Amino acid sequence: MIDAGGLRERVEDSALLWSLVLVVAVLSVLPLARLLLEGIAPAGHLSADALLRVLGTSSTWTATQHSLVTAFGGTLLAVVVGTLVALTVSLTDIRGANAFVFCFVAPLLLAAQVVALAWLQVFGPSSTLLKLIGIAPPMGSRNPLYSAGGIILVLGVQYAPLVFLTLRAGLRSLPQELLEAGLAGGAGPMKVVRTIVMPLMTPPLLASVALCFVSCLGNFGIPALLGIPGNYLVLPTLIYQRLAGLGPGVLSEVAVLSVLIGAIAVIGIVSQDLLLRGRDFRTVSASAVARPFELQRWRLPVEVALWTLTALLLVLPLTALVLTSLVPAVGVPLNFESATADNYHFVLLEHAGTRRALRNSFGLSATAAIAIVVIAVPLAYFLVWRRNRLLRLVNLVTEVPYALPGVVLAIAAILVFLKPLPLLGVSLYNTIWIILFCYLARFLVLGLRPIISGYHQLDRTLEEASQIAGARLLRRLVTIIMPLVAPAAAAGALLIFLTAFNELTVSALLWSSGTETLGVVFFSFQQGGDSTYAAALGVLTVMVSFGLMLATLTLANRLPRGVLPWRD
């Protein structure tokens, strides 16, 4: 027979669980369900008019083709670079691996639009860097990055670290016995990698391909900066132009376009599962982690090659961005007479939009990070220690808004909040709160994953002892569990802050006067021809990102392995 105290505790636990399930449903299920409804029943009843209009327009299929070309091309480049780097860093005895990983992963944590502008400043007739070294092409020449090839190049650079991180996680669990058996059988390191390592790494490799494809497909900042000037539109930029030019009146059509992007993304994710179905990649011997291959006389050349790659992918474009931020106007050569800090003075002190955007981005990012940690700590408790079918579904649902392109979530949020909320009579459309809603939905999984990793490393003894002593769940969460998972929660919060602080894809479709974010202001500068202001603002955001990344290293020794992506 259950006593009154035990019954009360069960009721409180159930109330908390169902409250968290409701939050996840509102953040993840409601917007996407509303988007699907708008696509098939735009006026509250079934109608194929919007679907036929969108599918019957040549621009839809042209943008779809461009999206597939750039997504496949960017994924291929990212997979080749990320795989080679992951194998080298994880399986060999190179020195300075932590520093290299920090630099190699950095582009993934920087704003996509800033990375795109940085690469634009490397090439073209107005490149301050090329003018400084005297090899700039003649004025009037076309920047080669304003093309499909340019978009593919920058997407590959942006997401090669994503492939690296996913594959490295699998390589860390590779059993030493398998590699030693291959070497003892007479196979060289290359043959071991080809015949043992890569077949076992098929699941994480396919997972990285799917993640990279979806990320490339939904990226807005890179195709916007490199594709719009050359009229090379992909689906996210087509949706942006339709919505920006015609407003909410075309919501049914852009909803269909969003569903089209989502369908392509889902096909990419499902294809990964189909390729793995019926195949077993488990290993039975895992007594020790594999020792690295000794490069011996090849170690120095390999290290030089890796750092040269870092110089090309990170240092070169950021250097070009910094140099551009120091000239008074695009095309002006940089020298002692022309060098100026006026661009920084303008964006920080004179431009009201930048100051407002800085406040908005900081407030939105910090609020989202704190709110997600508050949600994720109790949610992870149930996901890790109270497993059942419902919680497995909740765990899957939390990943959907992040896995799908951001433009899909933005359009879904507009559809949900365009009309006043029932009972409250308040509309979130054209307010900063709709952006915060999307940040909470999109980045919930970023805060949840590190906290789940922290739970897996906890000993439940203290928590169980306090439960026996009569402490309720909320009290145990606040006084015992939260202090124990605090480092993982802090790492998750910083990941959220970094990602949201530089976000553009969602806010580009949702911002209104007074609710600009840094990404929107940066994009506005570049679209308006003020590349030097955009470069200065980009340099400032890069400094903030690097500063926060470096600050997290102070927590590194207290975190579960792999929580900080920039630490090996």
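The values are calculated or read from the model by the stated rules, or taken from the named source; none is laboratory data. In this text, all values refer to a predicted model and were calculated from it rather than measured experimentally. Because the Cβ atoms are built from the backbone with ideal geometry, glycine has one as well, and the counts that use them run over all protein chains shown.
Going by the structure shown, is Thr505 of a type outside the set (Lys, Arg), outside any helix (DSSP H, G or I), closer than 30 Å to Arg359 by Cβ and in the same structural domain as Ala376 (by TED's automatic domain parsing)?
yes
Kindly indicate whether any position in segment 487-503 is acidic (Asp, Glu) and touching a residue at least 40 places away in the same chain (Cβ under 8 Å).
Checked against the condition, which is being acidic (Asp, Glu) and touching a residue at least 40 places away in the same chain (Cβ under 8 Å), segment 487-503 yields at least one hit.
Return only the number of the condition from (1) touching a Pro at 6+ places or on another chain (Cβ under 9 Å); (2) buried (at least 16 other Cβ atoms within 10 Å of the Cβ) that Gly156 does not satisfy.
For Gly156, the failing item is (1).
Are any of the residues in segment 369-386 under 18 Å from the mean Cα position of the chain (by Cα) and surrounded by fewer than 21 Cβ atoms within 10 Å (Cβ to Cβ)?
No, segment 369-386 contains no residue that is under 18 Å from the mean Cα position of the chain (by Cα) and surrounded by fewer than 21 Cβ atoms within 10 Å (Cβ to Cβ).
Would you mind stating whether Val105 is buried (at least 20 other Cβ atoms within 10 Å of the Cβ), touching a Phe, Trp or Tyr at 6+ places or on another chain (Cβ under 7 Å) and under 23 Å from Leu226 (Cα atoms)?
yes
Inspect segment 316-332 for any residue being touching a residue at least 24 places away in the same chain (Cβ under 8 Å) and over 26 Å from Met139 (Cβ atoms) and give the result as yes or no.
no
Just the residues that are polar (S, T, N, Q) and surrounded by 24 or more Cβ atoms within 10 Å (Cβ to Cβ), please, taken from segment 246-268.
Ser258 - this is the single residue of segment 246-268 that is polar (S, T, N, Q) and surrounded by 24 or more Cβ atoms within 10 Å (Cβ to Cβ).
Taking Thr398 as the residue in question, decide whether it is in contact (Cβ under 8 Å) with a residue 12 or more places away in the chain, of a type in the set (Ser, Thr, Tyr), out of contact with any Asp or Glu (no Cβ under 8 Å at 6 or more places or on another chain) and not assigned by TED's automatic domain parsing to the domain that holds Val234.
Answer is yes for this residue.
Checking Ile434 against (1) part of a helix (DSSP H, G or I); (2) touching a Ser or Thr at 6+ places or on another chain (Cβ under 6 Å); (3) of a type outside the set (D, E, K, R), which single condition isn't satisfied?
Among (1) part of a helix (DSSP H, G or I); (2) touching a Ser or Thr at 6+ places or on another chain (Cβ under 6 Å); (3) of a type outside the set (D, E, K, R), Ile434 violates only (2).
Do we find a residue being under 18 Å from the mean Cα position of the chain (by Cα) and closer than 21 Å to Ala488 by Cβ anywhere in segment 400-411?
Yes.
Name the residue that is surrounded by the most Cβ atoms within 10 Å (Cβ to Cβ), counting only residues in segment 130-146 that are farther than 22 Å from Tyr232 by Cα and touching a residue at least 60 places away in the same chain (Cβ under 8 Å).
Restricting to residues being farther than 22 Å from Tyr232 by Cα and touching a residue at least 60 places away in the same chain (Cβ under 8 Å), the top hit is Lys131.
This table checks each residue for (1) at positive phi; (2) in contact (Cβ under 8 Å) with a residue 24 or more places away in the chain; (3) assigned by TED's automatic domain parsing to the domain that holds Leu155.
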{"position": "Leu295", "(1), (2), (3)": "no, yes, yes"}
{"position": "Trp298", "(1), (2), (3)": "no, no, yes"}
{"position": "Leu312", "(1), (2), (3)": "no, no, yes"}
{"position": "Leu334", "(1), (2), (3)": "no, yes, no"}
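Evaluate segment 294-311: report whether one residue or more is out of contact with any Cys (no Cβ under 9 Å at 6 or more places or on another chain), assigned to a helix (DSSP H, G or I), modelled with pLDDT of 85 or more and of a type in the set (Ser, Thr, Tyr).
Checked segment 294-311: at least one residue is out of contact with any Cys (no Cβ under 9 Å at 6 or more places or on another chain), assigned to a helix (DSSP H, G or I), modelled with pLDDT of 85 or more and of a type in the set (Ser, Thr, Tyr).
Can you tell me which residue is modelled with the highest pLDDT among those in segment 48-106 that are closer than 25 Å to Thr237 by Cα and charged (D, E, K, R)?
Arg53
Can you find a residue that is out of contact with any strand residue (DSSP E or B) (no Cβ under 7 Å at 6 or more places or on another chain), surrounded by 22 or more Cβ atoms within 10 Å (Cβ to Cβ), more than 22 Å from Ala160 (Cα to Cα) and of a type in the set (Phe, Trp, Tyr) anywhere in segment 237-245?
yes
Scan segment 459-482 and give yes if some residue there is closer than 30 Å to Asn502 by Cα, in the same structural domain as Ser28 (by TED's automatic domain parsing), buried (at least 20 other Cβ atoms within 10 Å of the Cβ) and among the aliphatic types (A, V, I, L, M), otherwise no.
Within segment 459-482, not a single residue is closer than 30 Å to Asn502 by Cα, in the same structural domain as Ser28 (by TED's automatic domain parsing), buried (at least 20 other Cβ atoms within 10 Å of the Cβ) and among the aliphatic types (A, V, I, L, M).
Name the residue that is farthest from Gly221 (Cα to Cα), counting only residues in segment 526-540 that are at pLDDT below 90 and part of a helix (DSSP H, G or I).
This residue is Ser531.
When segment 328-345 is examined, which residues are found to be surrounded by 13 or more Cβ atoms within 10 Å (Cβ to Cβ), over 30 Å from the mean Cα position of the chain (by Cα) and within 16 Å of Leu540 (Cα to Cα)?
Scanning segment 328-345 gives Thr340, Asp342.
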